[in-house]
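Before any comments, here is the structure.
The numbers here are math on the coordinates, done by the rules we state, and not lab data. Keep in mind that what you see is a predicted model, and the values were worked out from it rather than measured. Please note: Cβ atoms are built from the backbone with ideal geometry, for glycine as well, and neighbour counts cover all protein chains shown.
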Amino acid sequence: MLKVGLTGGIGAGKSEVSRMLVSYGAVLIDADKIAREVVEPGTEGLAAVVEAFGAGILTADGTLDRPALGAIVFADPAKLAVLNGIVHPLVGARSAELEATAGPDSVVIHDVPLLTENGLAPLYDLVVVVDAAPATQLDRLTRLRGMAKTEAEARMAAQATREQRLAVANLVIDNDGPLEALEPQVRKVWGELLERAAARRA
């Protein structure tokens, strides 16, 4: 098994890269998806989040009000650290369970937005970073996702810098251009991952 950490700043296009890798045959473990699962109603994760931040972060039907929680934590690094301290161990445990079900010859892609911030690079055989200039990220967040500029800037500021991400990268995918320029790069990276996986089995 080859364990790959895939990361990139918000708006860099990491989700599109992970979708392509899955289409080639990768096994995807999506940390964001798991992070939503571990705070669903009835979970210990949601109970802990409510205990830390109050019932005001719940909607009328008892689910997590993500915009309300986001407004709290992205404006206060200390509160973001509290939230991460609750959610990240639960995500890590669930990710390990999912990885254990993948076949021994699998290329397992761990899609981890905060890989750099949380010092997780050593957990993987190699790290792939999807890179885009901050101006490109901001444009995508405001134009494609409809975020207010101030919210987009706050989200970006809460993450690692471009330089910090590139410092932990073994392979870099440049997604500063149009979508059609992305696929050839991802296919090339997939070829390299298959070669590394084969070398480990040899």
Amide H within-cut-off set for V130, under 5 Å, with H built and near neighbours excluded: T7, G8, I173
Taking Rh as the Kirkwood radius computed over alpha-carbon pairs of segment 78-167 and applying Stokes-Einstein at 10 °C with viscosity 1.306 mPa s, one gets a diffusion coefficient in µm² s⁻¹ of 104 µm²/s
Using the alpha-carbon atoms, what tilt in degrees (0 to 90, nearest 10) does helix 44-53 show relative to the longest principal axis of the chain? 50 degrees
Candidate aspartates and glutamates for bridging to K3, where Cα separation is under 12 Å - those fewer than 8 sequence places away on the same chain excluded: E99, D105, D111, D125
Modelling each spin label as a point 7 Å along the Cα-to-Cβ direction, I'd like the D105/L171 distance in nm, to one decimal. 1.8 nm
In Å, the Kirkwood estimate of hydrodynamic radius for segment 1-45 over Cα pairs equals 12.2 Å
C-alpha long axis of helix 77-100 to longest principal axis of the chain, angle in °: 50 degrees
Angle between the chain longest axis and helix 182-201 axis [Cα atoms, degrees, rounded to 10]: 70 degrees
Counting only DSSP beta bridges with both residues in the chain, what percent are antiparallel, rounded to the nearest 5? 5 percent
The ratio Rg/Rh over the Cα atoms of segment 141-200, Rh being the Kirkwood inverse mean 1/r radius, stands at 1.10
